[in-house]
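Engineer: Submitted below is the structure of interest, expressed as structure tokens.
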Number of protein chains: 2
Amino acid sequence: MPPTARERVRAELTREITDAARRQLAEVGAAALSLRAVAREVGMVSSAVYRYFPSRDDLLTRLIIDGYDDVGAAAEAADAPDAPPRDRWLAVCRAVRAWARSHPHEYALLYGSPVPGYRAPQDTVPAAARVALVLGRILGDAAASGALPPAGGARDPALISDDAVAVLGGDHPAFDDVVRTRALLAWSSLYGTISFELFGHFVGSVQDGDRYFDRAMSELAALIGF
Amino acid sequence: MPPTARERVRAELTREITDAARRQLAEVGAAALSLRAVAREVGMVSSAVYRYFPSRDDLLTRLIIDGYDDVGAAAEAADAPDAPPRDRWLAVCRAVRAWARSHPHEYALLYGSPVPGYRAPQDTVPAAARVALVLGRILGDAAASGALPPAGGARDPALISDDAVAVLGGDHPAFDDVVRTRALLAWSSLYGTISFELFGHFVGSVQDGDRYFDRAMSELAALIGF
DNA sequence: CTCGAACGAGAGCACCGCTCTCGTCGGAGT
DNA sequence: ACTCCGACGAGAGCGGTGCTCTCGTTCGAG
């Protein structure tokens, strides 16, 4: 059956609230995001917002999921499946960095200190995995096209989970635990590099952020074998 | 002249406040650290604390500096100057990870999202540099002892600052921008790895955190040339 | 010994997350 | 077509927060 008028206005108001919350987040950051200010912006009284989100943390969880989807979409859009693996890797890294620099508070919410007591993992996992899936597909395609040399072939399920192995291109002669470790390392190092830049730990060390980033990501590509 | 009784009790009370704040931080995290709760714990009224710290953010800044000093001391204690560079690097990495795992909220305060509007960089810089100085000394010693092969020698001051070059062992035939980039990358990747583990981004991927960490840090050591 | 500075306590302001109650109104079932 | 339950928005209120101001007290330098 079609949505009733009440359902439509509810969906509309939910969107207005999340939009206002996203604007607040972009302006003042997650720590200073106030549910009451969001309510004021949409012309509601604060208690009315609780009809739509049970708590401030649930509102933040919504923003987290949307953020993961946003950066995931940016990564997917930047990936050119026909390009060489090294170019694909670099393009995705650049896209994630560009997204982070244009959404610093959202990036901090996703990859900085966890803000609420507990994040709801179940809901955020699929959205959070999108960037990793893009990187994993690059790795898998590189192996399938024979761009990677065969590896030793050791496989220890107690080290890296089966799920991660599946994301990283599955079973292939080019993959062993060393290659998979390097891929996970490159993945986390991408975010380590962006976090250091965004959170100011490179201040006084790295002068040209753009060139340093490209060089660092190229080193990681070479480490993987691209 | 010797400190007056008033000065001594002031120093003592300042210490009591920071100690209570550190306990609060360890328990509930920086976001939930309340100046009023700290005041209650030391038996003061909240307004009295403002005689010692002008604002909650200044209290947090004090904790940030202490945290940098603490992890810096742990890194320095773990470094064995007579060991091979690779062993020294791995030992320092393990020490930083161990500190982070035993002080998760403090680690998040130091290397997660910046909490206050602005962190006071001038005060925190020397304490924050201690871990980097340890890693830089390992690199410098390795070069001085001839453990590193000579490098191409390119040096672009617009890429990496002179300060960072000094920390990374100064000018040496074994160093060029490629080696220095790899060292900075390894440095930030150490924190990227720890952050991913602590903030839950490895959940579902890495099964054995200890072994993965050692392998990943070994890959970084090899990347530098250790 | 004096007097100003430092100090602790208390009240108060504006804001926060969240709960509860109370009219109102939409819409599904009869 | 009517009824009635549930969703809804508004408002008051609770306990908490950071921070400011005032007011006596007390310490210690001159």
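Taken together, the values in this text are just the output of simple stated rules run on the coordinates, not laboratory data. The structure presented is a predicted model; accordingly, all values stated were derived computationally and were not measured. Don't worry about glycine lacking a Cβ; one is built from the backbone with ideal geometry, like all the others, and counts go over all protein chains shown.
Engineer: Treating the angle as unsigned and between 0 and 90°, give the value, to the nearest 10°, between the Cα long axis of helix A:5-28 and the longest Cα principal axis of chain A.
Structural biologist: Between the helix axis and the principal axis of chain A, the angle is about 70 degrees.
Engineer: Using a 10 angstrom cutoff on alpha carbons, build the Gaussian network for chain B and name the most mobile of B:A158, B:A74, B:A128.
Structural biologist: Looking only at B:A158, B:A74, B:A128, the biggest GNM fluctuation is shown by B:A158.
Engineer: Specify the angular offset, from 0 to 90 degrees and rounded to the nearest 10, of the alpha carbon long axis of helix B:177-198 from the longest principal axis of the alpha carbons in chain B.
Structural biologist: 50 degrees
Engineer: What angle do you read, to the nearest 10 degrees and between 0 and 90, between the alpha-carbon axis of helix B:56-78 and the longest principal axis of chain B?
Structural biologist: Result, in degrees: 40.
Engineer: Something else about it: Given label points at 7 Å from Cα along Cα→Cβ, what nm distances, shortest first, separate B:R94 from the same residue in every other copy?
Structural biologist: 4.1
Engineer: Most fluctuating residue of A:V206, A:V179, A:V92 in a GNM of chain A with Cα springs under 10 Å: which is it?
Structural biologist: Maximum fluctuation in the GNM of chain A, among the listed residues, is at A:V206.
Engineer: Which distances, in nm and shortest first, link the B:A154 label point to the same label point in every other copy, taking 7 Å along Cα→Cβ?
Structural biologist: Inter-copy label distances (nm, one decimal, shortest first): 3.4.
Engineer: What distance in nm separates the two pseudo spin-label positions at B:R15 and A:R6, each 7 Å out from Cα along the beta-carbon direction?
Structural biologist: Between B:R15 and A:R6, the simple spin-label model gives 6.5 nm.
Engineer: Just to be sure I follow the definition: excluding the sites themselves, where is the longest run in chain A that has none of the trypsin sites (Lys or Arg not before Pro) in a DSSP loop with at most 15 other Cβ atoms within 10 Å? Before the final figure, lay out the partial values.
Structural biologist: On the way: sites that count: A:R51, A:R155.
Counting only loop sites that pass the neighbour cut-off, the longest clear stretch is A:52-154.
Engineer: Helix-only mean residue ellipticity at 222 nm, chain A, DSSP H runs n ≥ 4 weighted -39,500 (n - 2.57), per residue, nearest 500. What is it? Spell out each step's value before the answer.
Structural biologist: Values: 10 runs with 152 residues, N = 226.
So the helix-based figure for chain A works out to -22000 deg cm²/dmol.
Engineer: Next up: Extending each Cα 7 Å along its Cβ direction at A:A37 and A:D176, get the distance between those two points in nm, one decimal.
Structural biologist: 5.4 nm
Engineer: Moving on. Over all directions, how big on average is the projection of the convex hull of the alpha-carbon atoms in the range B:1-53, in square nanometres?
Structural biologist: Numbers: hull surface 15.5 nm².
Quarter of the Cα hull surface area: 3.9 nm².
Engineer: In B, who owns the beta-carbon nearest the axis carrying B over to A, and how many Å from it?
Structural biologist: B:G192, 1
Engineer: Something else: At q = 0.15 Å⁻¹, what log₁₀ I(q)/I(0) does a Debye calculation on the Cα points of chain B give, no solvent, two decimals?
Structural biologist: At q = 0.15 Å⁻¹ the computed log10 ratios are -1.02.
Engineer: Lys and Arg at +1, Asp and Glu at -1: add these up for the other residues within a Cβ distance under 12 Å of B:Y107 and post the number. List each step's numbers first, then the result.
Structural biologist: Numbers: positive: B:R97, B:R101; negative: B:D70, B:E106, B:E197.
Overall, the nearby charge balance is -1.
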